[in-house]
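Inspection log for the structure reproduced underneath, given as structure tokens.
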Amino acid sequence: MKKIIMGLLALALLLPAYSEAANKQLEKARKKELSTKMKEYKKGKWEILGSRTLEFSLANHYDKLNTLGEDGHEVEGISTSTKSKNTGKQAAINNAVITYAQEAGSTLKGRVISDLNANGVETAGEFDNFYAAYERLVEKEIRNEMQPSYTIIRTNPDKTYEIRTYFIVSEVAASRARMRALEEAMKASEAAQKHAAKISEFVKQGFDK
């Protein structure tokens, strides 16, 4: 018993040192990630679009991601050729929203086809309108959950602008948005209503499961 107690005490003494070492290692990795991305942007002749510096904006972006942890979902929006910076930024935002909605739609479709077809349910045809409606409604619902984190810009050889805007979406908030879209999309799909519980489960899982 005495040996067990001594072992536990030794472990308790080692834990703070281990935690401190782990934190230092993590901080070192974060700095390296920031440095690598900064070099990549500078090499690509990217500049920040806004009043902050590129380094501050990028560091702030990573801080947000680190704070959210697994709840954070990064989304990129791209505008490849525009004559106006404001128009280009709005196009990048729209692209990000559409990209997210398409990803949500294709993920749900893949799971429905894989699971229901495996159980003898024919999903071709009758589910097509449901997928399209769900994707369109996700686009509508997720827009309010997406706030730009930072935007970068560079000038193309023809003097137009290429713009990229980055977002961090909370998966908790995004899940609620997807569920709202699902509930609305199901109203017009008897096929989806028959398998509501299973489809709702797929939507709640998000992209990573």
So, by mean Cβ neighbours within 10 angstrom, what's the order for 44-51, 181-188 with the highest one leading?
-> 181-188, 44-51
Under the Karplus relation 6.51 cos²θ - 1.76 cosθ + 1.60, θ = phi - 60°, what is the ordered set of whole-Hz ³J(HN,Hα) values for region 57-71, x standing for Gly and Pro?
-> 4, 5, 4, 5, 4, 5, 4, 5, 4, 5, 5, 6, x, 5, 6
Hey, what D do you get for region 71-112 in µm²/s if you plug the Kirkwood alpha-carbon radius into Stokes-Einstein at 25 °C and 0.890 mPa s?
-> 214
Label-point separation (nm) for Ile113 and Phe207, each offset 7 Å from Cα along Cα-to-Cβ?
-> 1.9
Along each principal axis, Cα extent of region 107-203, largest first, Å = 55, 29, 22
What's the FRET efficiency of Ala196 with Val172 using the Cβ-Cβ distance as r and R₀ = 25 Å, to the nearest 0.05?
-> 0.70
Highest average packing first - 150-161, 102-113, Cβ atoms within 10 Å = 102-113, 150-161
Protection proxy ranking of 189-200, 87-98 - average other beta-carbon atoms within 10 Å, highest first | 87-98, 189-200
Given 0.36 nm per residue, what is the gain on full extension from Asn60 to Lys83 after removing their alpha carbon distance, in nm?
-> 5.4 nm
What are the radius of gyration and Dmax of region 29-107, computed over its Cα atoms and given in Å?
-> 14.4, 38
Per residue, what accessible area does region 68-195 have, given a 1.4 Å probe and all protein chains present, in Å²?
-> 52
If each of Ser106 and Lys42 carries a label point 7 Å out from its Cα toward its Cβ, how far apart are those two points in nm?
-> 3.5
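The values are calculated or read from the model by the stated rules, or taken from the named source; none is laboratory data. Nothing here was measured: the structure is a model prediction, and the numbers come from that model. Because the Cβ atoms are built from the backbone with ideal geometry, glycine has one as well, and the counts that use them run over all protein chains shown. What goes into the accessible areas is simple: the full protein's heavy atoms, side chains included, and nothing from ligands, DNA or RNA. Shrake-Rupley method; radii C 1.70, N 1.55, O 1.52, S 1.80 Å.
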